[in-house]
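Before any comments, here is the structure.
The values are calculated or read from the model by the stated rules, or taken from the named source; none is laboratory data. Every value quoted in this text rests on a predicted model; they were computed, and no experiment measured them. Quick reminder, even Gly has a Cβ in these numbers, built from the backbone with ideal geometry, and neighbours come from all protein chains shown.
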Amino acid sequence: MKCFVTVLVLLMAACAPANQESSSIESFAPCSSIKYSGMKANGTFVECLEGEGEIALEAIKGPAVISAWASWCSNCEAQRENFLRLYEEAGDQLQVIGVDMEEQSKAKGYEHALKRGMAYPQLYDPDGRTIDFFGPGVPITRFVGASGELAYLKIGGIFSYDEMRDLIKAHLDINVP
């Protein structure tokens, strides 16, 4: 029996998911790093996930890729590495911004973003006000053109970096490495 328990414990350890917190960071890019064209009075205002302040999503300058996510969303987690890579690779070519939606609390979203290494600027929708901007559900990615217009709305996950690059090329006419 003792041998069976030992084997069972070893099997469970081997099948357990990798430590998802290994990419944790101390902080992510502040909201002040987001380029925007000024606050629109009739915009969809969301809070900064870290620190104080808010920003109107419609005022974000393009080109930009804005990802709606939630900590409980497995497809959001599956595409996370693609957004991290895009943030690192794109440089000044475009903005990469996350919006935590449908979360139990701002603190939970903040902790999740840090533990998952989401270094790009993060915003927070406390009450579902972004549904008209993104649509219902997560993940959803909004591609914003250079003039601030909606270039494309991707409903569902972006599960490969090649797909991410192809969408950016097709809808924003930008070649990212």
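When you scan the stretch 126-144, do you find a residue that is at pLDDT 95 or above, in a strand (DSSP E or B) and either exposed (fewer than 15 other Cβ atoms within 10 Å of the Cβ) or more than 13 Å from the chain's Cα centre (by Cα) (or both), even just one? Yes, the stretch 126-144 contains at least one residue that is at pLDDT 95 or above, in a strand (DSSP E or B) and either exposed (fewer than 15 other Cβ atoms within 10 Å of the Cβ) or more than 13 Å from the chain's Cα centre (by Cα) (or both).
One residue stands out among those in the stretch 92-109 that are at pLDDT 95 or above and of a type outside the set (Val, Ile, Thr): the one that is farthest from Leu167 (Cα to Cα), which is Asp100.
Could you go through the stretch 161-175 and let me know if any residue there is in a helix (DSSP H, G or I), farther than 20 Å from Ser24 by Cβ and at pLDDT below 95. No, every residue in the stretch 161-175 fails to be in a helix (DSSP H, G or I), farther than 20 Å from Ser24 by Cβ and at pLDDT below 95.
The strands (runs of 3 or more DSSP E) found entirely in the stretch 43-109 that carry 2 or more residues being surrounded by fewer than 21 Cβ atoms within 10 Å (Cβ to Cβ) are 45-48, 54-56. So is Arg165 over 16 Å from Glu50 (Cα atoms), free of Cβ contacts under 8 Å to residues at least 12 places away in the same chain and either of a type in the set (Val, Ile, Thr) or surrounded by 15 or more Cβ atoms within 10 Å (Cβ to Cβ) (or both) or not? Considered against the rule, which asks whether it is over 16 Å from Glu50 (Cα atoms), free of Cβ contacts under 8 Å to residues at least 12 places away in the same chain and either of a type in the set (Val, Ile, Thr) or surrounded by 15 or more Cβ atoms within 10 Å (Cβ to Cβ) (or both), Arg165 comes out as yes.
For the stretch 1-31, taking the residues that are more than 17 Å from Ser71 (Cβ to Cβ) and surrounded by 11 or more Cβ atoms within 10 Å (Cβ to Cβ), the one that is modelled with the lowest pLDDT is identified as Ser27.
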